[in-house]
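The values are calculated or read from the model by the stated rules, or taken from the named source; none is laboratory data. All values derive from a computational prediction rather than experimental measurement. Positions of Cβ are backbone-derived with ideal geometry, glycine not excepted, and every protein chain shown enters the neighbour counts.
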Amino acid sequence: MNAFDGRYRLNIRVGDLVEIIKKNHQQTGELTEGAVKKILTKSKFHPHGIKVIIDTNEVGRVKNILKED
């Protein structure tokens, strides 16, 4: 497991800078960058990425963790 793997909940903390993929961008793969405001997924692992709300109030699954605060 990589520390920057967005499929594991323990790698993500509120305030971390991440790239998410929103549901309506799954076909194009367009990523949105922001800081984690709230973690929505309760399970420890999700194969498509942990679902979060970022500081712009957008919801998506974490694809990349850019840095840890």
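A few points about this structure:
- The set of residues in the range 1-24 that are in contact (Cβ under 8 Å) with a residue 24 or more places away in the chain and within 12 Å of Val59 (Cβ to Cβ) comprises Ile20, Ile21, Lys22, Lys23.
- Per the listing Gly49, Gly15, Gly34, the residue uniquely out of contact with any Ser or Thr (no Cβ under 8 Å at 6 or more places or on another chain), crowded, with 16+ Cβ neighbours inside 10 Å and at pLDDT 95 or above is Gly49.
- Lone unmet requirement of (1) under 13 Å from the mean Cα position of the chain (by Cα); (2) over 10 Å from Ile65 (Cβ atoms) for Asp5: (2)
- Yes/no for Phe45 being of a type in the set (A, V, I, L, M, F, W, C) and touching a Phe, Trp or Tyr at 6+ places or on another chain (Cβ under 6 Å): yes
- Residue count for the range 18-38, restricted to those that are over 9 Å from Ile54 (Cα atoms) and within 9 Å of the chain's Cα centre (by Cα): 2
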